[in-house]
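The values are calculated or read from the model by the stated rules, or taken from the named source; none is laboratory data. What you see is a predicted model, and the numbers here were worked out from it, not measured in a lab. Every residue, glycine among them, receives a Cβ derived from its backbone with ideal geometry; neighbour counts consider all protein chains shown.
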Amino acid sequence: MDGDSVPKSIIQEDVILSGAKNPEGLGIGKGMDGSRARKLGRSCRANICWILRRSAPQNDRTRACEYRRRLEMTQGSRASFFFTLFAAVPLFLAGCGMVAPPQAPSLYLPQPVTDLTASRVGNSVHLHWTMPKRTTDRILLKGDQKAYICRSVASGPCEPAGDAKFAPEAPAAFTDTLPVGLTSGQPQLITYTVELLNRNGRTAGPSNPAWSASGTAPAQTSGFAADIHTDGVLLHWQPTQDASSVIRIQRTLVPKPGTSTKGSSGLLRKGAEVPAQQTLEVAYAPQSDPAHAYDKDAAFNQSYRYTAQRVAVLTLATHKIEIASDPSPAAILNTRDIFPPSVPGGLVAVGSPEEHAIDLSWSPDTENDLAGYIVYRRETGSNTGATRISPAQPVTEPAFRDATALPGKRYAYAVSAIDQDGNESAHSSETEEALPQ
């Protein structure tokens, strides 16, 4: 027997004991399962190796047992490979997940605009809208998106008015300067739409329509000016006879350096806080321009910028349309308070001999910017004028005690009111009183 050969009988025995065959003569029943058979085979092989080591020649015993060890290692490697393979298959399938239906590629179409508005000022129509954030299939838009603006007159075809690019989710504005043919003649309805295009020039559809009108715009307001009065700011202009029926006045608070745009507490007589911007509209019948208006909500000691527009209101195909003139040149007004409070009334003087004083009282003023009162006194029968007897700071209550009056002298008293800007009213009517000697 050479160094690598193994006796045929030993190989046959190995095949039998490994469970590949199941001869009845070995006592293995036909009903025995494979697991029990393999366990029995491994036990028998171990016993055979022990018997061979005891009975066979040394070389044969060594080669036979070595062969069996190699065979067992080969069978074990195969079993390990298949075990690993079958264990990995569920993990592979779980990683792949369920097979999903095929998805169509995105067309990257921006969602249509839904808030388009149009307003005509002079010979231009100003369009405003909000850019969408996503495409029609809910994908976030990236980069500027192209907007195509369309204009149709009456029932005519939609013609290009221009295009521009805007960032997603941003406010968008476009000004359409009307062709000369649309700035005169009878008014006609103009319809605007906006379409947002993808990089291939495709669109998900037009925006909501916005309407304006062609025709002649009202004339610009001329001679517009503003003056301050005690009851408000008087706004006036040159009247005109045209189709307009509204004067729209825009007031803007001009902030002082280092201050906010909120109105101060030094208000006009109405006494209400006012916003930084406010619109005053004066309606009138056509051909009946009033030529003036009052802004009664302005605050004292502020700077305001006023502009005025004439507005014509039309109804075309059930749509209410406004055509405004170009704004007038601005009128700047500093509402510095130069108006004194009203004169106090109801002054009464009562002597208190026991306390060596004369008590004064009067009706209070109601101005919002009132700082207080000043009390004056003069000696009757003398040529000297009235002098101030109240402290340097105004008296805040409508009452005062004169503790410097001398017995036996008769005095004439008067009171004035002063506001926070130092504007002092005229003196009240005098009242006389004396302390007995």
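Scanning the stretch 144-158 for residues that are under 18 Å from Ala118 (Cα atoms) and at pLDDT 95 or above gives Ala147, Tyr148, Ile149, Cys150, Arg151, Ser152, Val153. Give me the residue from the stretch 230-261 that is farther than 22 Å from Ala324 by Cα and surrounded by fewer than 13 Cβ atoms within 10 Å (Cβ to Cβ) and, out of that set, modelled with the lowest pLDDT. Per the stated criteria, the residue is Ser260. Among the residues making up the stretch 129-174, those that are among the small types (Gly, Ala, Ser) and surrounded by fewer than 16 Cβ atoms within 10 Å (Cβ to Cβ) are Gly143, Ala154, Ser155, Gly156, Gly162, Ala164, Ala167, Ala170, Ala173. Whenever a residue of the stretch 398-412 is farther than 24 Å from Ser363 by Cβ and β-branched (Val, Ile, Thr), its partners that are buried (at least 17 other Cβ atoms within 10 Å of the Cβ) and modelled with pLDDT of 95 or more, lying with C-beta atoms within less than 9 angstrom and at least six residues away or across chains, give the pairs Thr404/Arg377; Thr404/Ile389. Yes or no: the stretch 280-288 includes at least one residue that is farther than 16 Å from Ser244 by Cα and β-branched (Val, Ile, Thr). No, that holds for no residue. Can you find a residue in the stretch 416-431 that is within 12 Å of Pro353 (Cα to Cα), in contact (Cβ under 8 Å) with a residue 12 or more places away in the chain and assigned to a loop (DSSP other than H, G, I, E, B)? No, the stretch 416-431 contains no residue that is within 12 Å of Pro353 (Cα to Cα), in contact (Cβ under 8 Å) with a residue 12 or more places away in the chain and assigned to a loop (DSSP other than H, G, I, E, B).
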